[in-house]
Amino acid sequence: MRIGELAARAGVSVRSVRYYEEQGLLASTRSASGQRRYTGEAVERVVFIQRLYAAGLSSRTMAELLPCVDSPSEQASDAALTRMAQERERLSDHIADLVRTREALDGLMATAREHRERLRTDAASPATAC
């Protein structure tokens, strides 16, 4: 199938398919006229790549994991699980950083609310003469 058909069947853009190929995540052959041609299995591959992206994996990490999918073995499976555990830890660290950032923002917002309330209170108080 041609690139447009693959993209439509997999529910992605043609640009995404080209990117996956550039990153080494997807392979094609070329017709005599230079057009990309994909096998029927390419649809499943693109859908799987989309699942990996949805799980927060980078194309670099996917390139490390896909050989385990292409040549399954107990050793490859162990390697994939180890790599995914590393990615999970990276995501957990990032989440913890985001929580700290949100808490810092919450503190700034509380300070801003207190300041705004003082401004309201000061504006509502009658002026005193000296």
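Readers should treat all values here as calculations from the given coordinates under stated rules, not as data from a laboratory. In this text the structure is predicted, and so the values were computed from the model without any measurement. Virtual Cβ from ideal backbone geometry, glycine too; neighbours counted across all protein chains shown.
Odds and ends about this structure:
- Glu87 sits among other residues whose Cβ lies under 13 Å from its own Cβ, and their net charge, with Lys and Arg +1 and Asp and Glu -1, is +1.
- Selected from Leu98, Leu26, Leu52 as most flexible by GNM, with the chain as the system and alpha-carbon contacts under 10 Å: Leu98
- Taking other C-beta atoms within 10 Å as the exposure proxy, Thr61, Thr82 rank Thr82, Thr61 from fewest upward.
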